Amino acid sequence: LVSCQHILGSVIPQFSAMRLGTPNIKFSEIVGKPYSTSRAATLELVRVGFSVDRKSIVIPERSKFSFGSYQSFHQDIAAAQIHKAIAIDVPISDPIIIMDDGGSLIYEIGNLLQNGRLIRPVVCIEQTTYGLRTARAVLRSLVATNQSFCVINVAASSVKLSHEYPHIGQSVVSNLLEWIDTIYKSGHLRQRKLRTIGIIGFGGVGLSVAHACASSWIMERFARLGLSDRVWVHDTSALRLQKARNMDVIPTDSVEQIIEACDIVVGATGEGAIGSREASRLRDGTVLVSASSGDLEFAGLAGWPVFQTPLMPGATVLSEFDRTHGLLTARGPKGQLVHIVNGGFPVNFTGEVDPISLDQIIATRGLMLGAYLQAVQIATSMARGGHALGEIALRSDMQSY
């Protein structure tokens, strides 16, 4: 098993149950993501007998890499872990199971399969929409081959869509408001009052953020901070914009309109909300917030001078996490100053052991456990000469359970 997961408290019972249910499976080092990794959860994961790829949880300083480049940093680590796993001396019929979050492991295993450097059967599990796009691209490239390669789609499972996204939306908006409150108290933005919020990307996360904005307790906090009770939303899909029109939001098919109308811009595309063309039009004082993964949303700011903005006077001793996840200010070509919260990483990863409480996120962990058991069944069949190629839905009985 080669796995990539956010190393949080909630993954410990997930991995413990996986190991308990399949004692003969070899577990490689778990690949984490430094912007989400909890040090306490990492120590506990190691204490109970798992190994963690140390390079994958070291936070690169923002001064050493530009916005949008985190993905390549993470990809190199994921590739190294794949190569380490396939070098293990085991029978060629023994399958590899890939449990991925974001598609980096799947991308590298796909490269090896396409180039004929791997002939071992592979079963993948993917839990994100972004990673699913990578998995589907690999499947298309292998359709004419005789490779035994399949992907279990957890990302689109009905239980994940109905149980996880609402909690993500609440977490994103709650943390966004904490940031706005902190920025005001620190003395920044005195020259400009933040009033409007725009969401770029109206998929599962964007929709959940919009729904969260409409909840009564969030509306009360909006009022206290002087924010408008209506949000703008943008998407390239006419179908999603039609869905937006049925809500009490302001839909637009123009990113430029979001930039011009909104003081706070939330990136929720999973690919990139602000490109270089859009970045050049950002107004002075705009606050950028990522609700996505990695730091792809604001890649258009690459090349802008960036400096750390102190939130507390006299605070000179900061941890690596604090330095990387603090408030950044970037200076644009027209001299405009744009503020990026949480270092451009997802706003709802705060360094806590479980940013979303265990009772709320446990359904997702259960789905991943169910997908793993389904993958083991498929892998067992492959080891006995069975063949599988394609995208496979997470079993309905697993979801019901």
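The values are calculated or read from the model by the stated rules, or taken from the named source; none is laboratory data. Quick caveat: nothing in here was measured; it's all calculated off a predicted structure. Don't worry about glycine lacking a Cβ; one is built from the backbone with ideal geometry, like all the others, and counts go over all protein chains shown. In case anyone asks, the SASA skips ligands and DNA or RNA and just uses the protein heavy atoms, side chains included. Shrake-Rupley method; radii C 1.70, N 1.55, O 1.52, S 1.80 Å.
List the pairs from K33/K185; K26/K160; K26/K84 whose alpha-carbon separation is above 19 Å, in the order I gave them. Intermediate results must be reported in sequence, preceding the final value.
Values: K33/K185 31 Å; K26/K160 27 Å; K26/K84 13 Å.
Those over the limit are K33/K185; K26/K160.
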Check: Across 10 Å bins from 0, what is the distribution of all Cα-Cα pair distances for the stretch 72-113, in whole percents?
Finding: 27, 58, 14, 1
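Can you give the relative contact order of the chain as a percent, counting alpha carbon pairs under 8 Å and 6+ residues apart? All intermediate terms of the calculation are to be shown ahead of the outcome.
Values: 767 pairs, mean separation 82.6, N = 401.
Rounded, it is 21 percent for the chain.
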Notebook entry, point to check: How are the Cα pair distances of the chain distributed, in percent, across 20 Å bins from 0?
Noted result: 27, 56, 17, 0
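In whole percent, and with a 1.4 Å probe on the protein chains, what portion of the accessible area of the chain is carbon and sulfur? Could you put the intermediate results ahead of the total?
On the way: 9240 of 17320 Å².
C and S fraction of accessible area: 53 percent.
Work out the length of the dipole vector of the stretch 92-180 about its Cα centre, built from +1 on the beta-carbon of each Lys and Arg and -1 on the beta-carbon of each Asp and Glu, and round it to the nearest 20 debye. Don't skip to the end; give the middle numbers.
Values: 6 positive and 7 negative charges, 78 e Å.
Taking the Cα centre of the stretch 92-180 as origin, the dipole is about 380 debye.
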Margin query: Where in the chain is the longest stretch that carries no trypsin sites (Lys or Arg not before Pro) classed as loop by DSSP and with at most 10 other Cβ atoms within 10 Å?
Written below: 191-333
Checklist line | Per residue value of the accessible surface for the chain (all protein chains in place, 1.4 Å probe), Å² | finding: 43 Å²
Check: Excluding L112 itself, what net charge comes from residues whose Cβ is under 13 Å from its Cβ, given Lys and Arg +1 and Asp and Glu -1?
Finding: +2
Check: Mean projection of the alpha-carbon convex hull of the stretch 199-238 over all orientations, in nm²?
Finding: 2.8 nm²
Check: What do you get for Rg/Rh of the stretch 113-180 when both radii come from the Cα atoms and Rh is the Kirkwood radius?
Finding: 1.20
Notebook entry, point to check: Where does each of D359, D229 land when they are ordered by accessible area, with a 1.4 Å probe and the largest first?
Noted result: D359, D229
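If you average the sequence gap of Cα pairs under 8 Å that are 6 or more apart and divide by the length of the stretch 90-196, what percent do you get for the contact order? Before the final figure, lay out each step's value.
Details: 109 pairs, mean separation 24.5, N = 107.
Across the stretch 90-196, relative contact order equals 23 percent.
Calculated from DSSP H runs of 4 or more alone, at -39500 (n - 2.57) each and per residue, what is the 222 nm mean residue ellipticity of the chain, nearest 500?
On the way: 14 runs with 166 residues, N = 401.
About -13000 deg cm²/dmol.
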Next item on the list: Give, in whole angstrom and from largest to smallest, the semi-axes √(5λ) of the equivalent ellipsoid of the stretch 257-352, with λ running over the eigenvalues of the Cα gyration tensor.
Entry: 22, 16, 11
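When 1/r is averaged over all different Cα pairs and the result inverted, which Kirkwood radius in Å belongs to the stretch 134-258?
On the way: mean 1/r = 0.0592 Å⁻¹.
With all distinct Cα pairs of the stretch 134-258 included, I get 16.9 Å.
Over all directions, the average projected area of the alpha-carbon convex hull for the stretch 40-181 comes to how many nm²?
Values: hull surface 46.7 nm².
If I average the Cα hull's projected area over directions, I get 11.7 nm².
Take the eigenvalues of the Cα gyration tensor for the stretch 333-401, scale each by 5, and report the square roots as semi-axes in whole Å, largest first.
Details: eigenvalues 320, 74, 21 Å².
Ellipsoid semi-axes (Å, largest first): 40, 19, 10.
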Checklist line | Distance histogram for the stretch 283-401 (every C-alpha pair counted, 10 angstrom bins, percent rounded to whole numbers) | finding: 11, 27, 22, 17, 16, 7, 1
